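Report on the structure given below.
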Number of protein chains: 2
Amino acid sequence: MSALTFELQHTDPKSNARAGKITTDHGVIETPIFMPVGTAGTVKGITQQDLKNDVKAEIILGNTYHLYLRPGMDTLYKAGGLHQFNGWDRPILTDSGGYQVYSLSENRKIKEEGVTFKSHIDGSKHVFTPENVMDIQRTIGADIIMAFDECPPYPCDFEYAKNSLGITHRWLDRCFKRLDETTPHYGHDQNLFPIIQGSCYADLRKESAEYIAAKGATGNAIGGLSVGEPHEVMYEMTDLVCSILPKEKPRYLMGVGTPANLLECIALGVDMFDCVMPTRNARNGQLFTWQGTMNMRNKKWENDFSPLDEEGDSFVDSFYTKAYVRHLFAAEELLGLQIATIHNLNFYLRLVKKAREKIIEGTFAQWKNEVVPRLSQRR
Amino acid sequence: MSALTFELQHTDPKSNARAGKITTDHGVIETPIFMPVGTAGTVKGITQQDLKNDVKAEIILGNTYHLYLRPGMDTLYKAGGLHQFNGWDRPILTDSGGYQVYSLSENRKIKEEGVTFKSHIDGSKHVFTPENVMDIQRTIGADIIMAFDECPPYPCDFEYAKNSLGITHRWLDRCFKRLDETTPHYGHDQNLFPIIQGSCYADLRKESAEYIAAKGATGNAIGGLSVGEPHEVMYEMTDLVCSILPKEKPRYLMGVGTPANLLECIALGVDMFDCVMPTRNARNGQLFTWQGTMNMRNKKWENDFSPLDEEGDSFVDSFYTKAYVRHLFAAEELLGLQIATIHNLNFYLRLVKKAREKIIEGTFAQWKNEVVPRLSQRR
């Protein structure tokens, strides 16, 4: 059992992009990396086998809020933690539930002690505090666990953002304290990543980044972005905090984003990403490709019998045709979203893998500027 | 391009069960066989890869009614037929649409010429005749195509059943005539199976079986059963018609059934089966196993971390636990129905494979009597 380590392997000469290697007790993650979101212990619509063998995911997310409500702590503890429960034997990261409490639950009340909220499933009342959220994440047993924070909405006035940031920082100290008082349950180490907040205020972001950097955690996260602010503001905040965060620790930008967002933020020095976009949009029929996005419900694909994605790397890309997948979405057949999910996740993982290769080659910045305009077009 | 052939390989000494081999232009099918239902060109909730490699399906069904409405004849013809469209390179059988017109469409009117009906999708008006249903099945391009028949409801009075049977027989002659006047589109042969009807009236069934047997088709089907009648009546009718149908041709019992139904009807001499039960019930959380059925929504599995099915042959059976799959159904996660679909189809294919082995060994009847009571219990 040993703490997470990060080896910075290459730095792009013309941007702040980095290639690195994270080592955890469940194996190695090569960065930059995209982490598929497995909210309730399953990445929606895909088997663990396809996630491992076709998508080649190196780490997946779980959500503390969802897992706490279902299947619940008793089942997860008896299972021996989430890795045993869902059969994913590579690294797992759990979100702290902070974001979900604000976005999903009802009647939430934020106090210094913690948050009271009602379950979005059955209306039952619950309390999250920094302490019990650490205990819950001990029970879930992820390799990387997140600090319990407040994620302010966007837009949000300066006073609210400043007060909220104070709570987030004080809660962070309580998270670290609780972790120090407890030990992992399942024989592998757990690493707390603190989260930088501060809304879109540069001085708050700077203050938060300095506060977080000083904690000396094994990795650091940037939260509260991609919540509705313009992309330029997101890039500006990310750039600012990356300039403050230590170079020798991995940086995780939470909840981001489109393929173009990923490449732009890799250029700013981000190493880790998660987002529901590839899976959620897949279920709506949107595919991401090197030549832009495709709406598979569109009649234009009706008689297009070419492979789903000529440049794609997944088994679904060469086996199935555009016309067939269009038919599946038109007929509301489950296989449509299964194929789209496999495709999109495979594409996201390939995107960050290609970025890594370009960083190692020293040609990332130029390559990024070439591909970003294509990634954002509609096919 | 050559017509379907059937080789009768073994006959069980203590029942009418048979083991055989059907050869089509898309390969061999070992009987008895179960055919997964791929209504709209996709077996719901499973990839073609898992269907082939894990389930080991040898032949799948398509439905003329659904494929005619979506994706439609233009797309299927341009694709080069259903095999090209959905990538399934093994045998395919298409139902004629007769059953779907009666069960799904609105405002249907049956006349001697054919049936007018409204689409269940958009209410648009259509006509099916024996002739155009043959043309449609030429365009879909299945290896085995079914006669256009009327499937009477259950219960149904004798007069209705008798008149309906007359129509079904006259339509059959028109189907054969139309096929003689046309040729396959895609370079592989297509084989028409006529369908025995006659509701639950022994004399009508006998009349129909004799009429159909005299046609000398490459295979014969039994329709209009498993529509609500008691199992004993279904077995009685099946036994009766099997005693009349030629031994040297495969016999297909349409729309049947539970695992116990399959074994009982194999004992009566049936070679081919299809049913939505393994896939539809999977989506509702019901698993079929050698020890009976399991309702995966049941709280009793909440903390049962044993493999999904200890006697199962599918990759999902050993990889996932009962507790995890129970959680997936409780949380309404897509992966639950994906796992259940793979499991159930794998189980059905293994059931008929095991039956075949027992027939070849000469121990089928005894084995069937041992396993049937277990198959029907609730776990």
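The values are calculated or read from the model by the stated rules, or taken from the named source; none is laboratory data. For clarity, every value in this text was computed on a predicted model and none was experimentally measured. Glycine also receives a Cβ, built like all others from the backbone with ideal geometry; neighbour counts cover every protein chain displayed.
Brief remarks follow.
- The set of residues in segment B:221-238 that are under 18 Å from B:PHE148 (Cα atoms) and either buried (at least 24 other Cβ atoms within 10 Å of the Cβ) or without any contact (Cβ under 8 Å) to a residue 24 or more places away in the chain (or both) comprises B:ALA221, B:ILE222, B:GLY223, B:GLY224, B:LEU225.
- Test: B:GLY81 is more than 11 Å from chain A (Cβ to nearest Cβ) and farther than 21 Å from B:ILE195 by Cβ: yes
- Just one of the listed residues (A:LEU93, A:LEU76) is outside any loop (DSSP other than H, G, I, E, B) and within 14 Å of another protein chain (Cβ to nearest Cβ), and it is A:LEU76.
- The one condition in (1) in a loop (DSSP other than H, G, I, E, B); (2) in contact (Cβ under 8 Å) with a residue 40 or more places away in the chain; (3) under 27 Å from A:GLY228 (Cβ atoms) that A:GLY198 fails to fulfil: (2)
- Matching residues, segment B:23-44, being among the β-branched types (Val, Ile, Thr) and within 11 Å of chain A (Cβ to nearest Cβ): B:THR39, B:THR42, B:VAL43
- Considering each residue of segment B:262-273 in turn, at least one proves to be assigned to a strand (DSSP E or B) and closer than 24 Å to B:ASN16 by Cβ.
- Among residues of segment A:61-73 being in a loop (DSSP other than H, G, I, E, B) and in contact with a Gly (Cβ under 9 Å, 6 or more places away or on another chain), the one that is surrounded by the fewest Cβ atoms within 10 Å (Cβ to Cβ) is A:ARG70.
- Tabulated pairs, segment B:309-335, first crowded, with 19+ Cβ neighbours inside 10 Å, second among the aliphatic types (A, V, I, L, M) and modelled with pLDDT under 95, C-beta under 9 angstrom, 6+ apart or interchain: B:ALA331/A:ILE121
- Qualifying residue in segment B:45-60 (condition: more than 10 Å from every other protein chain (Cβ to nearest Cβ), assigned to a strand (DSSP E or B) and surrounded by fewer than 24 Cβ atoms within 10 Å (Cβ to Cβ)): no
- Selection status of A:THR116, surrounded by fewer than 21 Cβ atoms within 10 Å (Cβ to Cβ), among the hydroxyl-bearing types (Ser, Thr, Tyr) and within 14 Å of chain B (Cβ to nearest Cβ): no
- None of A:VAL101, A:VAL133 is under 17 Å from A:ILE167 (Cα atoms), modelled with pLDDT of 95 or more and among the aliphatic types (A, V, I, L, M) except A:VAL133.
- With a requirement of 1 or more residues that are of a type in the set (Ser, Thr, Tyr) and out of contact with any Pro (no Cβ under 7 Å at 6 or more places or on another chain), the strands (runs of 3 or more DSSP E) lying completely within segment A:1-40 that satisfy it span A:5-11, A:18-24.
- In segment B:349-362, the residues that are over 13 Å from B:VAL270 (Cβ atoms) reach residues that are surrounded by fewer than 21 Cβ atoms within 10 Å (Cβ to Cβ) with C-beta atoms within less than 7 angstrom, at least six apart or across chains, in these pairs: B:LEU349/B:LYS56; B:ARG350/B:ASP313; B:LYS358/B:TRP367; B:ILE360/B:HIS10; B:GLY362/B:PRO13.
- At least 3 residues being more than 13 Å from chain A (Cβ to nearest Cβ) and within 25 Å of the chain's Cα centre (by Cα) is the threshold, and among the helices (runs of 4 or more DSSP H) wholly inside segment B:293-362 those reaching it are B:334-361.
- Taking the criterion of being of a type in the set (A, V, I, L, M) and crowded, with 23+ Cβ neighbours inside 10 Å, the residues of segment B:353-375 that qualify are B:ALA355, B:ILE359.
- Condition met for B:VAL276 (crowded, with 18+ Cβ neighbours inside 10 Å and aliphatic (A, V, I, L, M)): no
Conditions tested, residue by residue: (1) under 22 Å from A:ALA3 (Cα atoms); (2) surrounded by fewer than 17 Cβ atoms within 10 Å (Cβ to Cβ); (3) in contact with a strand residue (DSSP E or B) (Cβ under 6 Å, 6 or more places away or on another chain).
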{"residue": "A:GLN137", "(1), (2), (3)": "yes, no, yes"}
{"residue": "A:ILE140", "(1), (2), (3)": "yes, no, yes"}
{"residue": "A:GLU150", "(1), (2), (3)": "no, no, no"}
{"residue": "A:ALA161", "(1), (2), (3)": "no, no, no"}
{"residue": "A:ARG170", "(1), (2), (3)": "no, yes, no"}
{"residue": "A:ASP173", "(1), (2), (3)": "yes, yes, no"}
{"residue": "A:HIS185", "(1), (2), (3)": "yes, yes, no"}
